[in-house]
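To keep things clear, I will list the structure first and then write my remarks on it.
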Amino acid sequence: MNTPTTFRDGYVIRDQFASHFLTFTICEWIDLFTRKVYRDIIIQSFEYSKLNKGLKLNEFVIMSNHIHLIASTKEPFKLSDFIRDFKAHTHRAMPIVIESDIESRRHWMIRQFKYYDNRNSNNDTFQIWIQDNYPEEILSQEMLYSKLNYIHENPVRAGHVSKARHYFYSIASNYLTGKGILEIDFI
């Protein structure tokens with residue numbers, strides 16, 4: 001049965017197997033992904049989810065404090081389960097790095113993430129991700145191309161690169177060259 005999964009603010013995953021535009025945001029927009037080690041945790045989690053959780057990853061970009069993606073899942077895996085498992089895994093992996101000597105901002109980050117943890121009874125030490133994902137089901141070709149363009153141009157608008165295909169932690173180059181940091185499921 002394909003029951004809707006509701007997120008706060010009225011966003012709902014009605015079709016667990018349809019492609020959705022998703023946004024995962026770090027609490028208070030903290031620039032966690034400025035370090036490669038955190039971006040690599042995301043990439044490894046995507047790879048694991050593709051192999052073991054039925055993830056069909058069509059598009060993504062990892063910015064300094066958020067991630068956009070277009071994704072779906074293959075039956076019997078549900079998109080809401082992917083979201084839950086992805087956030088849970090990365091939520092366990094990232095604090096290990098945050099608390100290590102690798103992270104020069106660790107004391108400040110620990111305070112920040114503990115502050116948000118105290119505001120959510122579901123957590124036990126940190127809250128890294130905001131709870132909302134704002135899932136938007138891709139309902140038309142027009143919407144799909146609009147979201148693809150939005151994701152591709154995000155690093156350009158942020159001033160990180162002059163051409164979308166030059167941003168390493170994005171899929172834009174896959175569409176132009178067929179190769180990128182991660183194999184994707186072309187739409």
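The values are calculated or read from the model by the stated rules, or taken from the named source; none is laboratory data. The shown structure was predicted, so the numbers you read here are calculated from the model rather than taken from an experiment. Because the Cβ atoms are built from the backbone with ideal geometry, glycine has one as well, and the counts that use them run over all protein chains shown.
So for the stretch 145-152 (the condition being free of Cβ contacts under 8 Å to residues at least 24 places away in the same chain, in contact with a helix residue (DSSP H, G or I) (Cβ under 8 Å, 6 or more places away or on another chain), in a helix (DSSP H, G or I) and of a type in the set (Gly, Ala, Ser)), does at least one residue qualify? Looking through the stretch 145-152, none of the residues is free of Cβ contacts under 8 Å to residues at least 24 places away in the same chain, in contact with a helix residue (DSSP H, G or I) (Cβ under 8 Å, 6 or more places away or on another chain), in a helix (DSSP H, G or I) and of a type in the set (Gly, Ala, Ser).
Quick one: in the stretch 103-129, which of the residues that are part of a loop (DSSP other than H, G, I, E, B) and modelled with pLDDT of 90 or more is surrounded by the most Cβ atoms within 10 Å (Cβ to Cβ)? So that I can check it myself, show each step before the final result.
Keep residues of the stretch 103-129 that are part of a loop (DSSP other than H, G, I, E, B), which gives 103-105, 119-128.
If we keep only those that are modelled with pLDDT of 90 or more too, we end up with 103-105, 128.
Numbers: Glu103: 20, Ser104: 9, Arg105: 14, Ile128: 25.
Filtering first and then ranking leaves Ile128.
Quick test for you: out of Ser173, Ser72, Ser100, pick the one residue that is of a type in the set (Ser, Thr, Tyr), closer than 26 Å to Gly54 by Cα and not in a helix (DSSP H, G or I). Result: Ser72 is the single residue among Ser173, Ser72, Ser100 that is of a type in the set (Ser, Thr, Tyr), closer than 26 Å to Gly54 by Cα and not in a helix (DSSP H, G or I). Residues of the stretch 82-102 that are crowded, with 16+ Cβ neighbours inside 10 Å and either more than 19 Å from Ile62 (Cα to Cα) or touching a strand residue (DSSP E or B) at 6+ places or on another chain (Cβ under 6 Å) (or both): Phe82, Lys87.
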